[in-house]
Amino acid sequence: MANRVRRVDEATIAGRRLQADLGAELREARLARGLRQIDVARATDVSNARISRVEHGLLRDLAVAALARHGAVVGLRLSARFYPTGGGLRDAAQLDLLRRFRARIGDDWTWQLEAPLNIPRDLRAFDALLTSRNGHTTVAIEAITRLRDAQAQLRAMARKQRDGQATRLVILLAAGHANRAALNSAADVLATSFPLGTRATLAALASGDDPGANGIVLL
C-alpha cells in the first residue's frame, strides 16, 4: 500500500507541474496574439479571475474540456493521453491470483511486489518480480483477471520485460472460458513469445529453476 500512496502523491505533484506548464503556454499564446485576459474570459464564458488562475497554474479543479476551450481561443490545440505504468489499485481477484501462485511455487524465490523498471521517468512496474537465490535469474510476473485485447496486452507486457531486463516473463491469468478464448485468439503471439504452459512453468519455478522461456499460467 505504501508504494501506491507514494505514486499517488507523485502523480499529484506531476499534475500540478503540468498545470503550471500548460498555464504558462496559454499565457504566452495569449500575449503573442495581443489578447487580454478579459478577452479570453468573455470568449470562454468564465471570469477574468479564473483565466488568471489557469495561467498561473493555481486552479486545482481544471477540467480537460475547459482547458481545451481556453487553448482554442488563443490558437492552441490540446492533446493528451494516458500511458500504462503499473502499480495501480488491485482488485481482490488479482491479489488472490498472486497469493495462490506464490503458494504453488514455494519459497525458492525472493519476491518484490510492484517492482519498478528502474528507468528514469518511467513509472511502469511489474506486478511482482522474482529473483533466484543466486541472483542470476529474474522472473517478471503480470497478474491479469480478465484478458481483453489479448495480442495488445501480451505485446505490451513483452515490451515491459525487455525494457525492465527481466530474464523471463510469466503471465498469471485467471482460469475461465473468456480468458481461454482470448488466449486462443492470440495463438500466433503465444507460440513465439510465451511458449511455456501452466504445468511446465509451475514445475520449473517450484524447483527454483529458470523456466528457460516465457510462460502463461492459468490458475
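Miscellaneous remarks
- Checked against (1) at pLDDT 90 or above; (2) over 19 Å from F194 (Cα atoms), P120 passes all but condition (1).
- Number of positions in the stretch 157-178 that are exposed (fewer than 14 other Cβ atoms within 10 Å of the Cβ) and within 16 Å of the chain's Cα centre (by Cα): 3
- Residues located in the stretch 26-73, provided they are part of a loop (DSSP other than H, G, I, E, B), of a type outside the set (G, A, S) and under 28 Å from A11 (Cα atoms): V46, H56, L58, L59, R60, D61, L62
- Within the stretch 174-210, being hydrophobic (A, V, I, L, M, F, W, C) and over 22 Å from T131 (Cβ atoms) holds for A174, A175, A178, A181, A182, L183, A186, A187, V189, L190, A191.
- Residue under evaluation E114, criteria (1) within 30 Å of R42 (Cα to Cα); (2) crowded, with 17+ Cβ neighbours inside 10 Å; (3) modelled with pLDDT under 90, criterion not met: (1)
- Residue, modelled with the lowest pLDDT, within the stretch 42-60, restricted to residues that are of a type in the set (G, A, S) and under 18 Å from Q19 (Cα atoms): G57
- For the stretch 186-196, the candidate set comprises residues that are of a type outside the set (A, V, I, L, M) and surrounded by 14 or more Cβ atoms within 10 Å (Cβ to Cβ); within that set, the residue that is nearest to I141 (Cα to Cα) is F194.
- Subset tally (residues that are exposed (fewer than 14 other Cβ atoms within 10 Å of the Cβ) and under 16 Å from R33 (Cα atoms)) for the stretch 65-82: 3
One line per residue, one yes/no per condition, for (1) under 25 Å from L117 (Cβ atoms); (2) part of a helix (DSSP H, G or I):
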position: M157; (1), (2): yes, yes
position: L172; (1), (2): yes, no
position: R180; (1), (2): no, yes
position: R199; (1), (2): no, yes
position: L205; (1), (2): yes, yes
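The values are calculated or read from the model by the stated rules, or taken from the named source; none is laboratory data. For clarity, every value in this text was computed on a predicted model and none was experimentally measured. With ideal geometry, Cβ positions are generated from the backbone for all residues, glycine too; neighbour counts draw on all protein chains shown.
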